[in-house]
Amino acid sequence: MFRDRKTPHQAMPAVTPENGKPVSITLLTVVGEHARMEGKFDITDSIQVECEVGGELNVGGKLVIGQKVVVNANVQTVDAIIMGHYEGNMIATGNVEIAETGRVTGNIQTDSLVISKGGFFNGNITKMNEQAERVIAIDEKRNTGQQQQFGAR
């Protein structure tokens, strides 16, 4: 099936502009759905996770958790979009969005949290540099005036 063909490894040439300095290109990294990662990860750019992750994630850009994904990790990031299942504590200096398919259990510290209709959040939300706040979401489907409470008890 495999032959003893050895092909030399070719390094990608460095991209340099006219002034001779390297160019920084921000790439969105996608980790496939059949993988499982565990440990401490430091990522300087953005990442879209499409696999099971456990441990700790430090993301310098945006973290996107795919719809079929389970992430059980403590996270520090700038922005986050959660479309799958997330359990842990998150610190986001930017925005956090829980999509309609997103399920979050844990504590989030951020300045901006958006929970789409159908999204689920069970935990405490803390505004950056402030005390824990109670988040109240009104379920529009029921139209009974009942409210679901999230946050400090």
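The values are calculated or read from the model by the stated rules, or taken from the named source; none is laboratory data. Computed from a predicted model, the values in this text were never measured in an experiment. Because the Cβ atoms are built from the backbone with ideal geometry, glycine has one as well, and the counts that use them run over all protein chains shown.
One table, with the values for the structure above:
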{"read-out": "Selection from the stretch 95-112 of residues that are assigned to a loop (DSSP other than H, G, I, E, B) and either modelled with pLDDT of 95 or more or crowded, with 22+ Cβ neighbours inside 10 Å (or both)", "value": "ALA99, GLU100, THR101, GLY102, GLY106, ASN107"}
{"read-out": "Pick from the stretch 84-94, criterion crowded, with 19+ Cβ neighbours inside 10 Å and not in a strand (DSSP E or B), ranking: farthest from the chain's Cα centre (by Cα)", "value": "GLY88"}
{"read-out": "Residue within the stretch 29-38 that is surrounded by 10 or more Cβ atoms within 10 Å (Cβ to Cβ), at pLDDT 90 or above and not polar (S, T, N, Q) present", "value": "yes"}
{"read-out": "Members of the stretch 69-83 found to be part of a strand (DSSP E or B) and either crowded, with 21+ Cβ neighbours inside 10 Å or in contact with a Cys (Cβ under 6 Å, 6 or more places away or on another chain) (or both), listed by number", "value": "VAL71, ALA73, VAL75, THR77, ALA80, ILE82"}
{"read-out": "Scope the stretch 31-66; condition under 16 Å from GLY88 (Cβ atoms) and acidic (Asp, Glu); matching residues", "value": "GLU38, GLU52, GLU56"}
{"read-out": "Yes/no for GLY66 being closer than 22 Å to MET128 by Cα, at pLDDT below 95 and out of contact with any helix residue (DSSP H, G or I) (no Cβ under 8 Å at 6 or more places or on another chain)", "value": "no"}
{"read-out": "Within the stretch 62-91, tally of residues that are out of contact with any His (no Cβ under 6 Å at 6 or more places or on another chain), of a type in the set (Val, Ile, Thr) and within 13 Å of GLN48 (Cα to Cα)", "value": "7"}
